[in-house]
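First comes the structure, then the notes that go with it.
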Amino acid sequence: MNNVTLVGNAGTNVEIFTFEKSKKASFSLATNERFKQNNEEKTITSWHNIIAWGKTAEQCEALISKGKFVKVEGKLVYRNYTNKDNEKVYVTEIQAYKVEEVEKKG
């Protein structure tokens, strides 16, 4: 099963692409992992590329702005393309099917 749940801060404002019959939303999401190492608190921030289509894209358009704390549920998608230098580029994204604002604890 291909399910992903991420909770973090939007790193960018949502970018909307409008097509003939649908919309696509795109934004980045930062998640933090906190742990102790040698009695010192450490944080690792990971960045994720989020995309959404259709009604979910419309929800993102209304909800997502830089810094907003949100929960994203979706699936991993992979794609690749050849760039202008004729190099193959591999992209991993989270295709969201549910996006909602959440309250930060503490």
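The values are calculated or read from the model by the stated rules, or taken from the named source; none is laboratory data. All of these numbers come straight from a predicted model, not from anything done at the bench. FYI the Cβ positions are ideal-geometry reconstructions off the backbone, even for glycines, and counts take in every protein chain you see. Accessible surface areas use protein heavy atoms only, side chains included; no ligands, DNA or RNA. Shrake-Rupley method; radii C 1.70, N 1.55, O 1.52, S 1.80 Å.
At a glance:
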| quantity | calculated |
| --- | --- |
| Nearest-20 debye value, the chain charge dipole, Cβ charges on Lys, Arg, Asp, Glu | 120 |
| For the chain, the longest site-free run once trypsin sites (Lys or Arg not before Pro) in DSSP loop states with at most 15 other Cβ atoms within 10 Å are removed | 22-65 |
| Evaluated over the chain, the Cα radius of gyration and Dmax, each in Å | 15.7, 55 |
| At R0 = 25 Å, FRET efficiency that the Cβ-Cβ distance of residue 37 and residue 79 yields, to 0.05 | 0.10 |
| Sulfur and carbon atoms: percent of accessible area, the chain [1.4 Å] | 44 |
| DSSP bridge pairs, the chain: antiparallel proportion in percent, nearest 5 | 95 |
| Mean projection area, nm², convex hull over Cα of region 41-83 | 5.3 |
| Difference of contour (0.36 nm per residue) and Cα-Cα distance, residue 102 to residue 88 | 1.3 nm |
| Structure-based [θ]222 nm, the chain - -39500 (n - 2.57) summed over DSSP H runs of at least 4, per residue, nearest 500 | -3000 deg cm²/dmol |
| Label-point separation, residue 30 to residue 63 (7 Å along Cα→Cβ), nm | 2.1 |
| Whole-number accessible area per residue in Å² for the chain, which is evaluated in the context of all protein chains at 1.4 Å | 72 |
